[in-house]
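Have a look at the structure below before the remarks.
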Amino acid sequence: MSQLNTLARVDADIAAGRIPMARQRLRGLVSSYPSDLTLRRRLAEVYRMYGDAAEAGRWMYLEEDRTPEETAAFEARYKSPGRRMKALAWRGPETLAGTAFAEEQLITVRTACAELLGRPVDWDTPASYEAAERIEPDSEGWSLVGVVVGGGIVVGVVGHVWLWVLGVMSLFD
């Protein structure tokens, strides 16, 4: 099916309220045509219908008129440069971006990822940046949930050890 036919179906899906189908079709088109910024913009519009600012920011990340709130939501969800590279789903050189702003954004993300890993990375070789996907900046520190869970684990371990010691002591009584 051609890109124009698929876009016509996307429009029909949106008009009929079949937003998940429109999203699925657009995701397929972006996968097939990753350098088409118009498709990325359309996909961002669909995610706005869902109220998903992070995904809207993801697909508008290469656009100069993106909103700061969506961009911040995208960057908060995909904290490491490796995760951003994967999320942007770009293929080919940055020069295919079509705009100077998009090219600069792609170069910035790729450069940050390369600096983090200490070696060159490439959009067409996901294995070159997969290790950076797992590296998250530690900016949050201790959380209440982490402290409670950690405390619960300590209490559980101490309780088990105490029961074990009591069991061993009862053997010698």
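The values are calculated or read from the model by the stated rules, or taken from the named source; none is laboratory data. Everything quoted here is computed from the prediction, not taken from an experiment. All Cβ positions, even for glycine, are placed from backbone atoms using ideal geometry, and neighbour counts span all protein chains on display. Ligands, DNA and RNA are stripped out before the accessible areas are found, and what is left, the full protein with its side chains, is counted by its heavy atoms. Shrake-Rupley method; radii C 1.70, N 1.55, O 1.52, S 1.80 Å.
Out of (1) open to solvent by less than 40 Å² (accessible area, probe 1.4 Å); (2) at pLDDT below 95, the odd one out for TYR78 is which?
Condition not satisfied by TYR78: (1).
From the set of residues in the stretch 55-75 that are open to solvent by less than 20 Å² (accessible area, probe 1.4 Å) and among the aliphatic types (A, V, I, L, M), which is farthest from LEU37 (Cα to Cα)?
Looking at residues that are open to solvent by less than 20 Å² (accessible area, probe 1.4 Å) and among the aliphatic types (A, V, I, L, M), I get ALA56.
Determine which single condition LEU96 fails, assuming it passes every other condition in (1) in contact (Cβ under 8 Å) with a residue 12 or more places away in the chain; (2) in a helix (DSSP H, G or I); (3) loosely packed, with under 15 Cβ neighbours inside 10 Å; (4) not small (Gly, Ala, Ser).
In the conditions (1) in contact (Cβ under 8 Å) with a residue 12 or more places away in the chain; (2) in a helix (DSSP H, G or I); (3) loosely packed, with under 15 Cβ neighbours inside 10 Å; (4) not small (Gly, Ala, Ser), LEU96 misses (3) alone.
Only residues in the stretch 15-29 that are over 15 Å from GLU55 (Cα atoms) and touching a residue at least 12 places away in the same chain (Cβ under 8 Å) count as the first member; pair them with residues that are open to solvent by 60 Å² or more (accessible area, probe 1.4 Å) and part of a helix (DSSP H, G or I), Cβ under 7 angstrom, at least 6 apart or cross-chain, and list the lot.
So the pair list comes out as ARG25/ARG9.
Please pick out the residue among ARG41, ARG25 that is part of a helix (DSSP H, G or I), of a type in the set (D, E, K, R), open to solvent by 50 Å² or more (accessible area, probe 1.4 Å) and within 20 Å of ILE107 (Cα to Cα).
Only one candidate qualifies: ARG41.
Collect the residues in the stretch 120-164 that are open to solvent by 40 Å² or more (accessible area, probe 1.4 Å), modelled with pLDDT of 90 or more and assigned to a loop (DSSP other than H, G, I, E, B), keeping them in residue-number order.
PRO120
Does GLY167 qualify as being more than 21 Å from the chain's Cα centre (by Cα), at pLDDT below 90 and surrounded by 11 or more Cβ atoms within 10 Å (Cβ to Cβ)?
When the stated conditions are applied, GLY167 does not pass them.
Of the residues GLU104, GLU94, GLU115, GLU69, which is of a type in the set (Asp, Glu) and under 18 Å from the mean Cα position of the chain (by Cα)?
GLU69
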